[in-house]
Amino acid sequence: MDLGEGLRKAIAKLRGATIIDLRTIREFDKELQRAMISADVDIALVAAFTKRIEEAATREKLPDGVAPKDYITNMVYEELVKLMGKSYEPDIKPKRVLLAGMYGAGKTTMAGKLAKFYQDRGLGAGLICCDVSRPAAYEQLETLAKQVNVQFFGMRNEKDVRRIVREGLKALKDRKVIICDSSGRSAFDEQLVHELKEIAHEFRPDEKFLVINADTGQVAGKQAAQFNDAIGIDGVIVTKMDGSGRGGGALSAVSAANARVTFIGTGEKMNAVELYNSEKFVGRLLGIPDIESLVRSVNEAIKEAKVNPEEMNVEKLSYDTFYSQLKAMQKMGPMKNMLGMMGMQDVPKNVVEQGEGKLAKYKAIIGSMTLAERREGMLLKEHGRVARIAKGSGTSERDVRMLMSDFNKMKKMYEMFKNDRNVRKNLSKFMKMS
């Protein structure tokens, strides 16, 4: 059970209680403790957190007109936001960024993601490979640079990090944001510190970020303190938040170490990076919809999929427009993330996986249709067309007919929406390009 699931179950149990008394609150605290400790949140932090909840719930006078259940739920939200640290908003201006961290933290991938993040905001970005210990680092960073369309500099087989930086700054002198990826280690040692100091002396970074894997849990606090004492860090980036049950432990530990979380990695795709916002993060844990992030993700996905806004017009639903929507959805990353933004975190894993498989199959089927068939679905009723599409898409005729059935149901819903002015207005705004 991850942190969010445990917290939501505890709150659901509280809200289902007939009477909110001291016994109920203490049982609620135990549920919170189990959820947080299982997510590797430090025990001392958990104890202090639940003590504040109990004291406030039993001693404070409730505001007029506020139900005890609502008051306690809101208190949990506010205390979690404090526990998870402050939100981050970067300066969108020219800068040099140095990334440090241990092996397996996801430094190199994050370097590519950050380069894309700043490039998408109008700052031409460049990447310098200063990882001189991992043989595949050069090729990996070069590939990522091509993928996100930013400049790359590296010196294959060169071990002098200061020389690499010097030459890299010359080669990338026209770039507004330059990100330097450094070597990792399996353990924190003096050689790593010396190498980072050498890079920092030559690179003169405006920001030094420690990259940490969410799976490190509360050990993240120790790493943040070590790197800060050694080279001074301006913040921490937590990667792989989408697949870790210990992400909450990592975030709380970083905050407790007086470090600041700046970005979080939320998936494998190069746009799967977010500015850290503790309020939104806690909101998702508790099942509160994050519509702002969902709309932004949709708009970014539409741009990345190179879909014409007219193709997303919800008033003209055809297999063609549905195909454009499927392409955009694939650019948004895992369905689990989308459901989380909608406040639907507890959809069973097997249902999510089946849904993703179904959408991938539907995309292949529509891709095998002719343009005329996509635009006029009635043509599919003609003899031989279903068989041809199934063969071309590597699916079965049953799969094609299932798509036709689901599509017709969607079309009926869309026809209903077209007769509702408010729904139509909101849908159009939601799908509009930013």
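Some notes on this structure:
- Output for region 220-252, where each listed residue is of a type in the set (A, V, I, L, M, F, W, C) and in a strand (DSSP E or B): VAL236, ILE237, VAL238
- Any hit, region 27-43, residues being touching an Asp or Glu at 6+ places or on another chain (Cβ under 7 Å) and outside the structural domain of ALA225 (by TED's automatic domain parsing): yes
- Condition met for VAL386 (surrounded by 13 or more Cβ atoms within 10 Å (Cβ to Cβ) and modelled with pLDDT under 65): no
- Checklist (1) polar (S, T, N, Q); (2) outside the structural domain of GLY104 (by TED's automatic domain parsing); (3) modelled with pLDDT of 80 or more applied to SER324, failing item: (3)
- From the list ASP42, ASP29, the one residue that fits, being within 21 Å of THR239 (Cα to Cα), surrounded by 14 or more Cβ atoms within 10 Å (Cβ to Cβ) and of a type outside the set (A, V, I, L, M, F, W, C), is ASP42.
This table checks each residue for (1) within 30 Å of the chain's Cα centre (by Cα); (2) more than 13 Å from ALA111 (Cβ to Cβ); (3) surrounded by 12 or more Cβ atoms within 10 Å (Cβ to Cβ); (4) not aliphatic (A, V, I, L, M).
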{"position": "ALA136", "(1), (2), (3), (4)": "yes, yes, no, no"}
{"position": "THR143", "(1), (2), (3), (4)": "yes, no, yes, yes"}
{"position": "ASN149", "(1), (2), (3), (4)": "yes, yes, no, yes"}
{"position": "ARG163", "(1), (2), (3), (4)": "no, yes, yes, yes"}
{"position": "ARG175", "(1), (2), (3), (4)": "yes, yes, yes, yes"}
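- Of the residues LEU14, LEU22, the single one that is surrounded by 16 or more Cβ atoms within 10 Å (Cβ to Cβ) and more than 30 Å from ALA259 (Cα to Cα) is LEU14.
- Restricting region 275-296 to residues that are of a type outside the set (A, V, I, L, M, F, W, C) and in a helix (DSSP H, G or I), the residue that is modelled with the lowest pLDDT is SER293.
Matching residues to (1) more than 16 Å from VAL97 (Cβ to Cβ); (2) surrounded by fewer than 17 Cβ atoms within 10 Å (Cβ to Cβ); (3) hydroxyl-bearing (Ser, Thr, Tyr); (4) in the same structural domain as THR109 (by TED's automatic domain parsing):
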position: ILE179; (1), (2), (3), (4): no, no, no, yes
position: SER182; (1), (2), (3), (4): no, no, yes, yes
position: ASP189; (1), (2), (3), (4): yes, yes, no, yes
position: LYS197; (1), (2), (3), (4): yes, yes, no, yes
position: ARG204; (1), (2), (3), (4): no, yes, no, yes
position: ASN213; (1), (2), (3), (4): yes, no, no, yes
position: GLY217; (1), (2), (3), (4): yes, no, no, yes
position: GLY221; (1), (2), (3), (4): yes, no, no, yes
position: ALA225; (1), (2), (3), (4): yes, no, no, yes
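- Looking across region 123-169, the residues that are in contact with an Asp or Glu (Cβ under 8 Å, 6 or more places away or on another chain) and β-branched (Val, Ile, Thr) come down to ILE128, VAL132, VAL161, ILE164, VAL165.
- Residue satisfying condition, being within 23 Å of ALA272 (Cα to Cα), modelled with pLDDT of 60 or more and not small (Gly, Ala, Ser), within set GLU356, GLU415, GLU376, GLU397: GLU356
- All of (1) within 26 Å of MET241 (Cα to Cα); (2) more than 26 Å from the chain's Cα centre (by Cα); (3) in a helix (DSSP H, G or I) hold for ILE199 with one exception: (1).
- Lone unmet requirement of (1) in the same structural domain as VAL150 (by TED's automatic domain parsing); (2) farther than 22 Å from ASN277 by Cα; (3) surrounded by 14 or more Cβ atoms within 10 Å (Cβ to Cβ) for ALA105: (2)
Let's see how each residue does on (1) at pLDDT below 95; (2) among the β-branched types (Val, Ile, Thr):
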{"site": "LEU80", "(1), (2)": "yes, no"}
{"site": "LYS86", "(1), (2)": "yes, no"}
{"site": "PRO90", "(1), (2)": "yes, no"}
{"site": "LYS113", "(1), (2)": "no, no"}
{"site": "ILE128", "(1), (2)": "no, yes"}
{"site": "ARG166", "(1), (2)": "no, no"}
{"site": "LYS170", "(1), (2)": "no, no"}
{"site": "ARG175", "(1), (2)": "no, no"}
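- Scanning region 136-194 for residues that are more than 21 Å from GLY122 (Cα to Cα), of a type in the set (A, V, I, L, M) and part of a loop (DSSP other than H, G, I, E, B) turns up ALA136, MET155, ALA187.
- Test: residue in region 53-74 that is within 23 Å of GLY283 (Cα to Cα), touching a residue at least 12 places away in the same chain (Cβ under 8 Å) and acidic (Asp, Glu): yes
- Qualifying residue in region 64-81 (condition: surrounded by 15 or more Cβ atoms within 10 Å (Cβ to Cβ) and farther than 18 Å from GLY6 by Cα): yes
For every residue, the table says whether it meets (1) charged (D, E, K, R); (2) touching a residue at least 60 places away in the same chain (Cβ under 8 Å).
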| residue | (1), (2) |
| --- | --- |
| SER133 | no, no |
| LEU144 | no, yes |
| LEU169 | no, no |
| ARG185 | yes, yes |
| VAL193 | no, no |
| PRO205 | no, yes |
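The values are calculated or read from the model by the stated rules, or taken from the named source; none is laboratory data. The shown structure was predicted, so the numbers you read here are calculated from the model rather than taken from an experiment. Don't worry about glycine lacking a Cβ; one is built from the backbone with ideal geometry, like all the others, and counts go over all protein chains shown.
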